[in-house]
């Protein structure tokens with residue numbers, strides 16, 4: 001089972017229908033804040049957000065290894081992850097992967113549920129105060145952080161952060177306006 005959240009699940013061929021429904025007010029799945037994301041993804045060829053998968057798994061090493069082995073066996077690379085204990089013998093594994101659609105198919109075939117959310121990847125200075133500088137940009141803008149975690153960075157001195165904001169596109173606009181580099185997804 002796959003559950004999509006964040007207002008961005010739709011087929012490329014149906015984009016005009018979505019815009020028409022949006023103008024008529026009949027489509028409750030997307031709203032005005034999604035227009036920037038839709039335009040960047042389908043007109044410019046990239047997206048400002050990445051698909052993050054969340055999988056509920058047991059908190060034993062072997063259960064976690066099973067999930068990662070399934071993905072690795074399908075040539076899906078994990079680019080970032082966060083594992084959080086639920087306190088009941090299970091963990092939420094949040095991950096950004098190289099091929100999210102393929103990863104969902106692999107997980108479904110193994111009878112695992114994946115929840116898909118949009119997240120933002122931001123680069124900031126990897127030095128004391130770097131994250132604080134980023135957060136200061138978002139203060140007083142009515143944006144909440146649902147969660148964040150780090151991702152591997154290939155550039156020395158640069159930290160890559162994964163964020164899920166209450167309004168991803170509003171956060172993207174503010175961070176870009178303030179000169180932070182956001183990583184673009186080709187999906």
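Taking 25 Å as R0, compute the FRET efficiency from the Cβ-Cβ separation of residue 150 and residue 59 and round it to 0.05.
It comes to 0.75.
Can you tell me the length gained on complete extension of the stretch residue 69 to residue 126, counting 0.36 nm per residue apart and subtracting the Cα distance?
Extra length available between residue 69 and residue 126 comes to 17.4 nm.
May I ask for the distance between the Cα centers of segment 93-127 and segment 148-162, given as a whole number of Å?
Spelled out, the Cα-based centre of one part sits 16 Å from the other.
Any idea what diffusion coefficient segment 64-105 gets from Stokes-Einstein, in µm²/s, Kirkwood Rh on alpha carbon pairs, 25 °C, 0.890 mPa s?
226
For labels at residue 108 and residue 170 in the simple 7 Å Cα→Cβ model, what's the distance in nm?
Going from the residue 108 label point to the residue 170 one covers 3.3 nm.
Along Cα→Cβ, 7 Å out, is where each label goes; now give me the distance between the ones at residue 139 and residue 184 in nm to one decimal.
If labels sit at residue 139 and residue 184, their model points lie 3.2 nm apart.
Please list, short to long, the whole-number percent of alpha-carbon pairs of segment 119-182 in consecutive 5 angstrom bins beginning at zero.
4, 18, 33, 28, 13, 3, 0
Coordinate-derived values only; no laboratory data. Nothing here was measured: the structure is a model prediction, and the numbers come from that model. Every residue, glycine among them, receives a Cβ derived from its backbone with ideal geometry; neighbour counts consider all protein chains shown.
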